[in-house]
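The values are calculated or read from the model by the stated rules, or taken from the named source; none is laboratory data. Quick caveat, the model's predicted, so the values are computed rather than measured. Using ideal geometry, Cβ is built from the backbone for each residue, glycine included, and neighbour counts are taken over all protein chains shown. Ligands, DNA and RNA are excluded from the accessible area calculation, which covers all protein heavy atoms including side chains. Shrake-Rupley method; radii C 1.70, N 1.55, O 1.52, S 1.80 Å.
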Amino acid sequence: MEKILISVIVPMYNEEAVIPATYSRLKEVLDGLKENYEIIFINDGSRDRTRDMLMEICEKDKTVKLIDFARNFGHQVAITAGMDYAAGECMVIIDGDLQDPPELIPKMMELWRQGYDVVYGKRISRQGETIFKKVTAKIFYRLLRSLTDVNIPVDTGDFRLIDRRVCEALKQLPERSRYVRGLMSWVGFKQTPIEFERSERYAGETKYPLKKMLKLAMDGIMSFSYKPLKLSSWLGSLLSVFSFVYLIIVLLQKIFFPESAQSGWASLIAVSLFFNGITLLMLGIIGEYIGRIYDEAKGRPLYIISELKNMEDREGPRFKMTK
Ligand code: UDP
Ligand code: MG
């Protein structure tokens with residue numbers, strides 16, 4: 001039987017503490033598969049020794065490739081670049097901090113051989129993460145699910161194996177605010193979950209501070225639903241009805257009991273603040289969408305690569321190297 005090529009895509013941002021361990025554990029699992037493989041590391045503009053360490057590995061081991069970004073473009077963009085440059089018949093996307101166990105890859109391959117195009121890792125538990133992160137993640141995945149018509153599985157990260165066909169489909173999606181796991185659900189194909197326990201980060205700290213988490217969450221919701229926009233019509237109608245009823249009451253009061261009409265500064269200011277708040281909130285939501293439209297309209301490339309290692313001849317669909 002002819003050997004197939006598997007691409008493993010690993011985004012790395014300031015991960016010097018985990019690189020040796022990640023590399024050796026991946027290597028062990030992949031050697032055991034008895035297939036051809038390549039490991040594509042993406043250095044997402046790290047400020048520590050990540051790039052140099054990955055380069056060193058590339059020098060010694062030609063199965064390891066590196067995409068070196070010109071700056072930090074973010075996790076979702078990094079895995080997109082990995083898929084753009086991967087050559088395998090199937091590819092695995094995995095976090096660089098060993099929270100997603102590489103030992104699951106053989107099982108994923110088995111399911112892929114049975115004919116599944118996407119085998120996604122579903123987290124049945126998470127270790128070593130703050131209560132805050134666990135709770136917000138749980139709420140977010142369910143909120144997203146209730147807001148969209150695309151069937152995006154809950155408690156599922158980017159750890160997954162995908163077939164070449166899925167990758168080719170994803171390459172045709174040009175959008176800039178990328179919520180990759182959602183896009184994968186959107187393209188469809190035969191998908192199946194595989195359950196796993198998410199372990200603790202091997203070393204170092206999370207590279208997803210609250211700000212990045214919020215951005216990812218907003219990208220997920222805004223790119224897959226326009227229900228937040230409808231909120232303003234609903235709230236607007238509801239408040240109009242209430243206001244109208246209250247208006248009638250005030251008028252009747254004024255006509256029939258003129259003496260009882262109050263001076264009413266407090267109630268006026270309260271109503272005014274409330275309505276102003278709602279209006280600004282709704283403007284904000286509209287602004288979020290407009291900002292994203294603006295980003296798309298500019299049509300900038302999704303990422304800029306400063307260097308490719310061990311795959312200098314490959315061409316990505318989104319960015320042309322000039323040298
Ligand atoms: N990552 C990245 N760019 C970023 C942030 C994170 O490439 O701007 C990578 C990071 O190196 C890791 C993966 O994305 O391999 C997941 O990040 P992390 O483990 O910090 O997120 P968490 O597991 O805490 O949600
Ligand atoms: Mg992690």
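Computed quantities for the displayed model
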item	result
Long-range neighbours under 9 Å by Cβ, at least six apart or interchain, first residue over 18 Å from SER46 (Cα atoms) and touching a residue at least 40 places away in the same chain (Cβ under 8 Å) within region 5-21, second open to solvent by less than 40 Å² (accessible area, probe 1.4 Å) and charged (D, E, K, R)	LEU5/GLU35; LEU5/GLU38; ILE6/GLU35; ILE6/GLU38; SER7/GLU38; SER7/LYS65; VAL8/GLU38
Helices (runs of 4 or more DSSP H) enclosed by region 37-126 - at least 1 residues per element that are open to solvent by 10 Å² or more (accessible area, probe 1.4 Å) and over 26 Å from LEU173 (Cα atoms)	50-60, 105-113
Any hit, region 198-206, residues being within 16 Å of ligand 1 (Cβ to nearest atom), in contact with a strand residue (DSSP E or B) (Cβ under 7 Å, 6 or more places away or on another chain) and closer than 30 Å to GLU103 by Cβ	yes
Neighbours by Cβ (under 6 Å, 6+ apart or cross-chain): first from region 297-323, over 15 Å from ALA78 (Cα atoms); second modelled with pLDDT of 90 or more and open to solvent by less than 60 Å² (accessible area, probe 1.4 Å)	LYS309/CYS58; LYS309/LEU66; ASN310/CYS58; ASN310/LYS65; MET311/LYS65; ARG314/TYR85
Candidate set: region 290-320, residues that are open to solvent by 80 Å² or more (accessible area, probe 1.4 Å) and assigned to a loop (DSSP other than H, G, I, E, B); chosen: the one farthest from ILE67 (Cα to Cα)	ARG300
Selection status of LYS138, within 16 Å of ligand 1 (Cβ to nearest atom), free of Cβ contacts under 8 Å to residues at least 24 places away in the same chain and of a type outside the set (A, V, I, L, M)	yes
Sole exception among (1) open to solvent by less than 10 Å² (accessible area, probe 1.4 Å); (2) of a type outside the set (Asp, Glu); (3) touching a residue at least 60 places away in the same chain (Cβ under 8 Å); (4) within 14 Å of ligand 1 (Cβ to nearest atom) for THR156, by number	(3)
Residue satisfying condition, being touching a Ser or Thr at 6+ places or on another chain (Cβ under 9 Å), touching a residue at least 24 places away in the same chain (Cβ under 8 Å) and closer than 30 Å to PRO106 by Cβ, within set GLY182, GLY204	GLY182
Which numbered condition ASP149 fails, given (1) at pLDDT 90 or above; (2) under 19 Å from the mean Cα position of the chain (by Cα); (3) more than 15 Å from ligand 2 (Cβ to nearest atom); (4) acidic (Asp, Glu)	(1)
Of residues in region 12-36 being of a type in the set (Asp, Glu) and within 12 Å of ligand 1 (Cβ to nearest atom), the one most open to solvent (accessible area, probe 1.4 Å)	GLU16
Region 175-197, residues that are assigned to a strand (DSSP E or B) and either open to solvent by 70 Å² or more (accessible area, probe 1.4 Å) or within 15 Å of ligand 1 (Cβ to nearest atom) (or both)	GLU195, PHE196, GLU197
